[in-house]
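A quick write-up on the structure given underneath.
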Ligand SMILES: Nc1ncnc2c1ncn2[C@@H]1O[C@H](COP(=O)(O)OP(=O)(O)OP(=O)(O)O)[C@@H](O)[C@H]1O
Ligand SMILES: [Mg+2]
């Protein structure tokens with residue numbers, strides 16, 4: 001099989017998704033690495049490359065998603081697919097979609113500017129305010145009451161909007177649910193809102209309600225490889241965030257499991273795929289072919 005991994009600049013030195021590319025290569029598959037910041041992608045040549053699947057781990061506002069969508073538009077399978085990615089990439093879209101489908105999510109508001117916080121009903125407090133395009137816990141604030149707004153200083157990327165969300169009472173640590181298709185793993189992890197609670201990240205048994213919740217998210221959003229940030233409450237699990245292609249830290253054998261799953265998805269898609277006729281192979285600049293270091 002032939003894969004193209006779109007590698008955003010931010011992940012060039014991270015293990016994900018490159019470890020997966022290397023594993024597929026080790027198993028004898030062809031793997032191209034396409035770094036959008038360094039590559040001129042010939043859009044008239046996408047089908048000619050006979051790539052079986054494009055794989056992307058997104059960054060917010062990154063160029064990779066455009067290329068993934070271009071590949072998808074000409075009929076090449078993509079992992080994850082762009083619709084699923086767009087539904088979770090922006091926390092406001094995730095919250096609206098999840099709420100509309102009956103998933104347990106906190107009451108949430110979109111605000112274009114922090115000054116609008118004063119219009120949020122008092123009984124939605126305490127609030128968590130976070131950038132809609134945020135990640136890695138950056139720019140997250142807890143606001144206990146409207147009285148705190150006067151002194152609240154919100155730093156965010158220059159171009160960002162915000163999600164104001166009801167703060168969910170919880171045990172002070174996160175349950176990260178990691179999904180590879182229908183297989184789900186749970187990891188307990190420190191919460192950025194509870195620095196006082198000491199938790200070493202560790203694998204924990206998956207409760208049946210977490211399994212059902214994670215699988216439901218996969219079906220509804222159309223995600224293949226994904227993660228949910230869940231908080232345990234007296235009324236059951238509440239989802240505060242969903243990520244496409246997370247790190248899978250602490251998940252045993254994650255690299256082989258993810259690689260195997262990508263392979264299976266690409267093989268299944270190959271049989272169904274409508275192939276456009278080969279238009280020749282005119283490349284100006286090509287994605288770099290990954291070769292094994294000996
Ligand atoms: N509504 C909420 N109620 C209680 N805690 C919350 C809420 N929203 C977020 N948190 C806490 O803040 C953490 C980070 O929030 P969120 O996942 O939305 O941001 P993020 O920037 O995507 O972080 P990460 O990349 O670490 O997942 C959550 O894992 C959770 O511990
Ligand atoms: Mg998160």
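The values are calculated or read from the model by the stated rules, or taken from the named source; none is laboratory data. Being a predicted model, the structure only gives us computed values, none of them experimental. Backbone-built Cβ (ideal geometry, glycine too); neighbour counts: all protein chains shown.
Taken together, the residues in region 126-168 that are in a loop (DSSP other than H, G, I, E, B), out of contact with any strand residue (DSSP E or B) (no Cβ under 7 Å at 6 or more places or on another chain) and more than 16 Å from ligand 2 (Cβ to nearest atom) amount to 6. Take the conditions (1) modelled with pLDDT of 95 or more; (2) loosely packed, with under 15 Cβ neighbours inside 10 Å; (3) in a loop (DSSP other than H, G, I, E, B); residue 13 misses just one of them, which is (1). Within region 17-34, one or more residues are over 22 Å from residue 254 (Cα atoms) and touching a residue at least 12 places away in the same chain (Cβ under 8 Å).
In region 192-215, which residue that is surrounded by 14 or more Cβ atoms within 10 Å (Cβ to Cβ) and under 22 Å from residue 84 (Cβ atoms) is farthest from the chain's Cα centre (by Cα)? Checked region 192-215; the qualifying residue farthest from the chain's Cα centre (by Cα) is 206.
Considering region 170-191, the residues that are surrounded by 13 or more Cβ atoms within 10 Å (Cβ to Cβ) and part of a loop (DSSP other than H, G, I, E, B) include one that is nearest to ligand 1 (Cβ to nearest atom), namely 191. Scanning region 214-238 for residues that are in contact with a helix residue (DSSP H, G or I) (Cβ under 7 Å, 6 or more places away or on another chain) and more than 16 Å from ligand 1 (Cβ to nearest atom) gives 222, 224. Using the structure shown, decide if residue 117 is farther than 30 Å from residue 79 by Cβ, assigned to a helix (DSSP H, G or I) and more than 20 Å from the chain's Cα centre (by Cα). Taking the combined requirement at face value, the residue satisfies it. If the condition is being in contact with a strand residue (DSSP E or B) (Cβ under 6 Å, 6 or more places away or on another chain), within 15 Å of ligand 2 (Cβ to nearest atom) and more than 20 Å from residue 245 (Cα to Cα), then region 188-220 contributes only 193.
For residue 240, are the conditions met, namely being surrounded by fewer than 22 Cβ atoms within 10 Å (Cβ to Cβ) and outside any helix (DSSP H, G or I)? No: the conditions fail for residue 240. Being within 15 Å of ligand 1 (Cβ to nearest atom) and modelled with pLDDT of 95 or more is a description that does not apply to residue 211.
Among helices (runs of 4 or more DSSP H) entirely within region 28-102, having at least 3 residues that are in contact with a helix residue (DSSP H, G or I) (Cβ under 8 Å, 6 or more places away or on another chain) and farther than 24 Å from residue 260 by Cα singles out 82-89, 91-100.
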